[in-house]
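S.K.: Encoded as structure tokens, here's the structure I'll be asking about.
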Amino acid sequence: MDRDYRKLLGYLPQDFGYYPDFTVYDYLMYMASIKGLRPVTAKYRAKILLEQVGMEEHARKKMKKLSGGMKRRVGIAQAMLGNPKILILDEPTAGLDHNKRIRFRNLISTLAEERLVLLSTHIVSDIAYIANEILLMKNGSIRAQGTSEELLSAMPEQV
């Protein structure tokens with residue numbers, strides 16, 4: 001049962017753990033082994049994902065030497081290792097500057113074309129750009145649901 005979930009889900013927490021002395025490639029291979037990927041599959045997926053997130057030229061760089069944005073891209077790659085059907089991202093653009101946030105939003109939008117992406121964020125521009133359907137939650141319950149246009153039109157007008 002646990003293995004079934006690992007194949008279905010990819011997860012990027014806001015603050016993910018890593019071994020600082022691992023290279024980007026070693027980190028992905030380590031995570032692939034935890035996820036139960038065969039080595040040949042792990043190598044293939046790591047190569048493809050490093051290209052997709054724009055980190056192929058940094059594959060031999062140690063994790064501790066990466067910028068915040070680079071770490072976030074590696075985090076997306078590790079979440080995508082098993083080619084999940086559902087990708088869960090917790091505050092994926094938090095702490096990124098404006099340009100890195102836009103690049104990351106574009107990457108998430110591309111990933112969302114082939115899977116369900118659940119995004120937890122407080123950054124409104126990310127939501128409006130990425131999401132087709134928005135669920136607003138408070139204290140664990142859904143308070144509103146719809147497209148960004150529907151939700152905005154339901155808001156009371158500000159004076």
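The values are calculated or read from the model by the stated rules, or taken from the named source; none is laboratory data. As the structure is a computational prediction, the values presented were derived from the model and not from experiment. Ideal geometry is used to build each Cβ from the backbone, glycine not excepted, and the neighbour counts take in all protein chains shown. Surface areas here come from the heavy atoms of the whole protein model, side chains and all, with no ligands, DNA or RNA. Shrake-Rupley method; radii C 1.70, N 1.55, O 1.52, S 1.80 Å.
S.K.: Within the set of pairs 6 or more residues apart or between chains, which connect a residue that is closer than 25 Å to E113 by Cβ and free of Cβ contacts under 8 Å to residues at least 12 places away in the same chain inside segment 124-146 to a residue that is open to solvent by 80 Å² or more (accessible area, probe 1.4 Å) and β-branched (V, I, T) with Cβ atoms less than 9 Å apart?
M.R.: Note: pairs meeting the criteria are L135/I142.
S.K.: Inside segment 86-159, counting only strands (runs of 3 or more DSSP E) that do not spill past its ends, which hold 1 or more residues that are touching a helix residue (DSSP H, G or I) at 6+ places or on another chain (Cβ under 8 Å) and closer than 20 Å to G10 by Cβ?
M.R.: 86-90, 116-120
S.K.: Looking only at residues that are charged (D, E, K, R) and under 18 Å from S125 (Cβ atoms) in segment 136-159, which one is surrounded by the most Cβ atoms within 10 Å (Cβ to Cβ)?
M.R.: Only one residue tops the list, namely E150.
S.K.: Filter segment 83-102 down to the residues that are touching a residue at least 24 places away in the same chain (Cβ under 8 Å) and open to solvent by 60 Å² or more (accessible area, probe 1.4 Å), then identify the one that is farthest from L28 (Cα to Cα).
M.R.: Looking at the filtered set, the residue picked out is D97.
S.K.: State yes or no: is D4 farther than 20 Å from E91 by Cβ and open to solvent by 50 Å² or more (accessible area, probe 1.4 Å)?
M.R.: So D4 passes the test.
S.K.: A follow-up question, please. Using the structure shown, decide if V74 is open to solvent by 70 Å² or more (accessible area, probe 1.4 Å), in a helix (DSSP H, G or I) and either over 23 Å from S120 (Cβ atoms) or at pLDDT 90 or above (or both).
M.R.: No: the conditions fail for V74.
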